[in-house]
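**Q** Before anything else, here's the structure in question.
No lab work stands behind these numbers, since they all come straight from the coordinates. Source: prediction; values computed, not measured. Virtual Cβ from ideal backbone geometry, glycine too; neighbours counted across all protein chains shown.
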Amino acid sequence: MNDARVLVVDDSAAMRALFSDVLEQQRNVTVIGTAANADEARDQIAQLQPNVITLDVEMPGMSGIDFLAELMQNNPMPVVMLSSLTQQGTETSLRAYELGAVECFPKPLKATPEQFAKTVGKLGKIVLAAANSNVKDRKPVVREAKSRPTFTWNGHYLAISTSMGGIDALTQMLADFPADCPPTVIVLQSEPALVDTFINRITGEADCKIVPAKDGASLTPGTVHIAADPEKHVVFEPGSPPKLRMVMRDPVDGARPSATLLFGTMARAGVPAVGALLTGMGADGAKGLKMLRDAGGRTFVEDPATATVGETPAAAVAANAGEKVLPLDQLSAAAIACCNQA
């Protein structure tokens with residue numbers, strides 16, 4: 001794993017000092033410079049050669065979003081955007097993902113000291129994962145009109161897990177889903193406000209129905225349920241049809257909602273199931289996907305070498321959890337094919 005050499009870009013001297021202090025407390029992370037605007041950042045990048053940048057959205061002169069676009073066009077590198085969780089902030093975050101940001105981190109502007117410390121404490125791990133991401137090797141996604149094979153559901157339920165880099169991956173994957181897609185549950189480790197905005201946006205782009213996961217929701221064809229509530233796990237309850245249950249319990253493998261718990265409850269239910277683990281930080285989902293594979297489920301892992309963040313897929317590969325390890329575009333097609341009667 002590479003150490004993170006961070007450039008902090010923020011127009012506020014107080015915020016530069018705060019985030020620099022927080023990052024320096026993370027092992028294997030060093031803040032090598034700070035900048036107050038895009039002009040200073042360009043000079044610092046050329047001089048210091050950071051391998052990851054934290055970038056404020058709102059800056060005088062060139063905005064953070066415009067500077068991100070310039071970076072990704074001329075000098076792609078891992079960027080963690082810092083933004084608010086207002087409606088405008090979440091829309092901006094989605095735009096940052098489209099441009100190539102590896103992660104968008106919420107500025108905890110209105111929080112108790114305890115909440116602030118808990119939230120900001122995650123930033124060091126995010127920056128370290130970003131420094132080891134595959135952003136520089138990322139190729140622009142070119143969407144070409146293509147005909148899909150006729151889809152007839154064969155009774156398999158689909159579960160997907162992703163975290164860091166996941167919104168971009170899901171945008172690509174869900175574009176391949178047919179309108180009558182298999183009953184699907186997605187665990188997405190991201191800020192709930194951002195996930196709500198993502199669901200609202202992708203609802204107008206995808207052919208299938210995409211909704212937030214709710215307790216008691218029936219799993220039927222044509223609907224994708226996205227679980228992102230950090231206070232509740234999502235589990236699979238057998239029945240005709242099966243239902244989702246949102247349960248309160250401690251984090252599993254450091255995650256809540258936990259993909260390992262979702263995959264594990266599907267394995268125990270004994271239903272025909274397909275599991276897929278995409279880009280992400282940490283190891284949540286690897287154990288559960290292995291349980292699903294051992295129970296006879298079909299399991300797929302995004303290739304760590306091509307995933308935006310390969311940490312979670314690498315953990316799944318090490319656990320021998322994936323029947324196949326595939327790049328995202330092939331993985332999407334393979335997962336849908338396993339659920340297709342044709």
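**Q** Determine the dipole magnitude for segment 157-338: charges of +1 sit on the beta-carbon of Lys and Arg, -1 on that of Asp and Glu, nothing else is charged, the reference point is the Cα centre, and the result goes in debye to the nearest 20.
**A** The dipole magnitude comes to about 560 debye.
**Q** Could you tell me which Cys residues in the chain have no other cysteine's Cβ under 4.7 Å from their own Cβ, answering none if every one has a partner?
**A** So far as the 4.7 Å Cβ criterion goes, Cys104, Cys338, Cys339 stand without a partner in the chain.
**Q** In whole Å, what are the Cα extents of the chain along the three principal axes, biggest one first?
**A** Taking max minus min along each principal axis of the Cα atoms, the chain gives 59, 45, 37 Å.
**Q** Ranked highest first by average number of other Cβ atoms within 10 Å, how do 234-240, 247-253, 280-286 line up?
**A** 280-286, 234-240, 247-253
**Q** Now, a different point. How big is the shadow of the Cα convex hull of segment 157-338, averaged over all directions, in nm²?
**A** For segment 157-338, the mean projected area of the Cα convex hull comes to 8.5 nm².
**Q** What is the sum of charges, Lys and Arg at +1 and Asp and Glu at -1, for the other residues whose Cβ falls under 15 Å from the Cβ of Arg293?
**A** +3
**Q** Pairing the Cα long axis of helix 64-74 with the longest principal axis of the chain, what angle in degrees results, from 0 to 90 and rounded to the nearest 10?
**A** It works out to around 80 degrees.
**Q** Further question: Between helix 192-203 and the chain, what is the angle of the helix's C-alpha long axis to the longest principal axis, kept within 0 to 90° and rounded to the nearest 10?
**A** Tilt relative to the chain: about 60 degrees.
**Q** Add -39500 (n - 2.57) for each DSSP H run of 4 or more in the chain, then divide by its residues: what number comes out at 222 nm, to the nearest 500 deg cm²/dmol?
**A** Per the formula, -11000 deg cm²/dmol.
**Q** Take the residue pairs Lys287/Lys324; Lys232/Lys287; Lys136/Lys287 and return only those whose Cα atoms are more than 22 Å apart.
**A** Lys136/Lys287
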